[in-house]
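Just so it is clear, none of the values below were taken in a lab; they were calculated from the coordinates. Since the model is a prediction, treat every value here as computed from it, not as a measurement. Positions of Cβ are backbone-derived with ideal geometry, glycine not excepted, and every protein chain shown enters the neighbour counts.
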Amino acid sequence: MHTIRTKTAVCFSLLALLNVGAALILLHSVATQDADSVVINLAGAQRMLSQRMTKEALMLGAGGDAAPLKASLDQFDRVLRGLSAGDEGLGLPGTTDPELVAKLRAVNETWRTFRADVEAVIANPGDRERLKPVLANNVTLLKQSDAVVKAFERNARAKVSATSHTQVIITGVLLAMMIAAWFGVQRGLLAPLAMAVQHLETAAAGDLAHELPERYRQRRDEIGQFARALHEMSTRVREVLRRITESVGALATSSAELHDVSSTVSVGSEQVCSKASSVASAAEELNANFACVSSGVEQSSQSLKSVVFSTEQMTATIGEIARSSERARVVTEAANRQTSDIKTRMDALGASTEQIGQITETIAHISAQTQLLALNAAIEAARAGAGGRGFAVVANEIKDLAQKSAAATVDIRQMIEGVQTSMGSGVAGVEKVAGVVAEVRELVASIAAAIEEQLTVTGGIGSSIGEAANGMNDASARVVESTLASSAIADDIAQVDSAMRHVAESSAQALANAAALKDIASVLRASVAQFQV
């Protein structure tokens, strides 16, 4: 007997059994009173019948008919036997009461003498002497019959009094059970529900640090299941909020690092563009001065040295950009995993709120059943009449409590829907963060591809400059080849400049996305800060 439904069924079964017992006792009392009425009426008729037989005997002496007197003798004899041993035809149950048995035995002894005297009168209707014993025993038989009637009346009154006492006792027991049921419902159902509603209101206000008392969670009925589910939900929500807080911190750190990396990439891109412009100018000057190679060899040598130095700087810068891009890729992948984990936990929290919604529907169903039982109890109380008024009042109180329980269940359902709405907003925010992280990851991949292309171009620049430096040792013989190399250098530098401009644009976009990711992390942190765990 662990569930509320079982306890309620047992309680109402006991009440129903008591009501059935009271009804059976009442029916038995009514039947007994009917039987006692028949007995008393027939016993009273016996008293009058003795007088009538005396009158008929006197009339027989005056020449009357003997048939009525014989019928009265048979009637008195049958009723007397029925009062002692019972007679189904007359509706007499008989008696075993010692007092009644003794009085009926006395009447029977007097009756045998009286009947013999009356039969003697019937046999000799003209003999007036035979009427004297009849008249002498008539008074005795009348008094004895009257004593029997009074004894039957006292016995009937005693039965009615016993039945009344039994009814009072059963009514008191029913009232005591009703009061006990009321206190049981108040302590075992309404108080835990009020505590759960208060806990949910506190949680709805953002405070998740409180717990339901341990005694409610240890119960083995629906209240215990509800308390344990509510405790599990609060624990999971707190855990999810803690992880969200940690993830938001990591996200904010990652976005700040991504912002710094994007700034570094942007600055490096601007430097590479500047260097590429310098190299282009140097290449144009080298190509324009090849007409006077003999006078400009020294100047060309210096220009090549400047180009070699700039290329080395550009290579170092591009390497730093490649390392920064790799760090940005790792950070974005970590942010992506964290947002996925946040979304998974938010989905788990949504599932927990749905389970609580099912429990509240179960409680609403119990409230509806309680109302129906209260209505049935009120109908049965109305049928019981004045004896069921107290039960009707208790049934109405139970109905009111069931209605309040249903109203409280509706409030709980609304609170759970509010929690689900908040969780839906949180899930949308996390999905938005995941989208931004994915976009940042694509941009970082694009930056990495551009950097690889730039490394290739830079390698070509280094090769071309090496060939130009070697050609300076034999300037007079390699003028044509130097001219071609200078043109190649100009083309390569144009490609480098175009690639670096693309890198600069990608870096600017990555910088903007990192700033947006940082803003989202701030918004998410502010949302989580509304809850106290």
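Which FRET efficiency value, to the nearest 0.05, do you get for I379 and A512 by plugging their Cβ-Cβ distance into 1/(1 + (r/R0)^6) with R0 = 56 Å?
That pair, I379 with A512, gives E of 0.15.
Going by amide H atoms built from the backbone, whose H comes under 5 Å of the H on L212, apart from near neighbours?
none
Could you calculate the FRET efficiency of L372 with E119 from 1/(1 + (r/R0)^6), where r is the beta carbon distance between them and R0 is 56 Å, rounded to 0.05?
0.20
Give me the Kirkwood hydrodynamic radius of segment 68-154 in Å, from all C-alpha pairs, to one decimal place?
That comes to 13.8 Å for segment 68-154.
Once amide H atoms are built 1.01 Å from N in the peptide plane, which residues 5 or more positions from D87, or in another chain, come under 5 Å H to H?
The answer is L92, G94.
Starting at the first residue of segment 223-236, write each ³J(HN,Hα) from the Karplus equation 6.51 cos²θ - 1.76 cosθ + 1.60 with θ = phi - 60°, in whole Hz, x for Gly and Pro.
4, x, 4, 5, 5, 5, 5, 5, 5, 5, 4, 4, 5, 5
List, in order, the whole-Hz ³J(HN,Hα) value for each residue of segment 404-409 obtained from phi through the Karplus relation with A = 6.51, B = -1.76, C = 1.60 and θ = phi - 60°; use x for Gly and Pro.
For segment 404-409, the Karplus curve yields 5, 5, 5, 5, 4, 5 Hz.
Show me, for segment 142-154, the HN-Hα J-couplings you get by feeding each phi into the Karplus relation (A = 6.51, B = -1.76, C = 1.60, θ = phi - 60°), rounded to Hz, glycine and proline as x.
Residue by residue, segment 142-154 yields 5, 5, 5, 5, 5, 5, 5, 4, 5, 5, 4, 5, 4 Hz.
Taking only the Cα atoms of segment 4-179, how large is their convex hull per residue, in Å³?
Spelled out: Cα convex hull of segment 4-179, divided by residues, is 106 Å³.
Looking at segment 357-397 from every direction and averaging, what is the projected area of its Cα convex hull in nm²?
2.5 nm²
Place the peptides 157-164, 378-385 in order of packing, highest mean first, counting for every residue the other Cβ atoms within 10 Å and averaging per peptide.
Packing order, densest peptide first, comes out as 378-385, 157-164.
Which cross-chain or sequence-distant (5 or more) residues have an amide H under 5 Å from the amide H of D207, H modelled 1.01 Å from N in plane?
Residues meeting the amide H criterion: Q532.
Arranged from highest to lowest average of other beta-carbon atoms within 10 Å per residue, in what order do the peptides 221-229, 102-110 appear?
My ranking of the peptides, most packed first, is 221-229, 102-110.
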